[in-house]
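Everything on this sheet refers to the single structure shown next.
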Amino acid sequence: MQTQIVYEDEAVLVIRKPAGLATESAGIGQKDVVSELKNYVAKKNPGKMPYLGIVHRLDQPVEGLLVFAKTKKAAENLTAQLGKGMLKKEYLAVVCGKVPENTGRLVDYLIKVNGMAVVKDAADAQVKQAADPQAKKAVLTYTKKAETGRLTLLAVQIETGRFHQIRAQLSHAGFPILGDEKYGSEESKELSREKKIRFTALCAASLSFRHPVTGKTMAFTQTPQNPAFADFAIE
């Protein structure tokens, strides 16, 4: 099993997803996290139909932490926490270029076109929605952690859970993520090839939530495995 179990009890499963493994529905004959975990749960409880509630996802080329529910009640609780911003996630990203501000907030409007998140510029929400009702507001904040050469390490938090939003928004802002073939610039792709980076240098590095049964705060951290992070001291 490529999926790594970080924590497990009767209500939740916290796992580390490696880069390159889809969260769900990878296609016929391809492995994915959900299939691996359902098989894992089924083997532990033979004769019972395995339940696995999907709370959130990570893009296939992205690594990091995910929580799954093992009961419907836990799934409802965790999904509600996600909607209220109580299920907190922080990502680490290695981006190409020097980020001028130590902190920043990006607000964009995204539409999904041919499997990609496309940024649609607009002066304000009302103008954007009138021009394209399918556009969805995407908001993230970032903090600069370190710089080396042409690369910058960012800590990123999302205020909205949009399709590919971190990758699309950072690229649109002028600092694409190293190793990102879909949203990278020519410069970032060339640098990725030079450094032999195969996967997007984005990691869901920390995760916290209230346990759906006990109410206890659960917090987990993950050190990125992508070699793109080797140029930085990750605490």
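Kindly indicate whether any position in segment 75-97 is of a type outside the set (Phe, Trp, Tyr), touching a helix residue (DSSP H, G or I) at 6+ places or on another chain (Cβ under 8 Å) and without any contact (Cβ under 8 Å) to a residue 60 or more places away in the chain.
No, segment 75-97 contains no residue that is of a type outside the set (Phe, Trp, Tyr), touching a helix residue (DSSP H, G or I) at 6+ places or on another chain (Cβ under 8 Å) and without any contact (Cβ under 8 Å) to a residue 60 or more places away in the chain.
Are any residues in segment 178-235 closer than 22 Å to residue 60 by Cα and assigned to a strand (DSSP E or B), and if so, which ones?
If the condition is that a residue be closer than 22 Å to residue 60 by Cα and assigned to a strand (DSSP E or B), then 202, 203, 204, 205, 206, 207, 208, 220, 221 are the ones that fit.
Pick from segment 102-113 the residues that are part of a strand (DSSP E or B) and not β-branched (Val, Ile, Thr): which of them is surrounded by the fewest Cβ atoms within 10 Å (Cβ to Cβ)?
Ranking the candidates gives 105 first.
Is segment 200-207 home to any residue that is modelled with pLDDT under 90 and over 19 Å from residue 20 (Cα atoms)?
There is no residue in segment 200-207 that is modelled with pLDDT under 90 and over 19 Å from residue 20 (Cα atoms).
Mind listing whichever residues of segment 157-177 are of a type in the set (Asp, Glu) and part of a helix (DSSP H, G or I)?
Once the filter is applied, which keeps residues that are of a type in the set (Asp, Glu) and part of a helix (DSSP H, G or I), segment 157-177 yields nothing.
So which residues in segment 16-35 are over 17 Å from the mean Cα position of the chain (by Cα) and modelled with pLDDT of 90 or more, if there are any at all?
Passing the criteria: none in range.
The values are calculated or read from the model by the stated rules, or taken from the named source; none is laboratory data. Every value quoted in this text rests on a predicted model; they were computed, and no experiment measured them. All Cβ positions, even for glycine, are placed from backbone atoms using ideal geometry, and neighbour counts span all protein chains on display.
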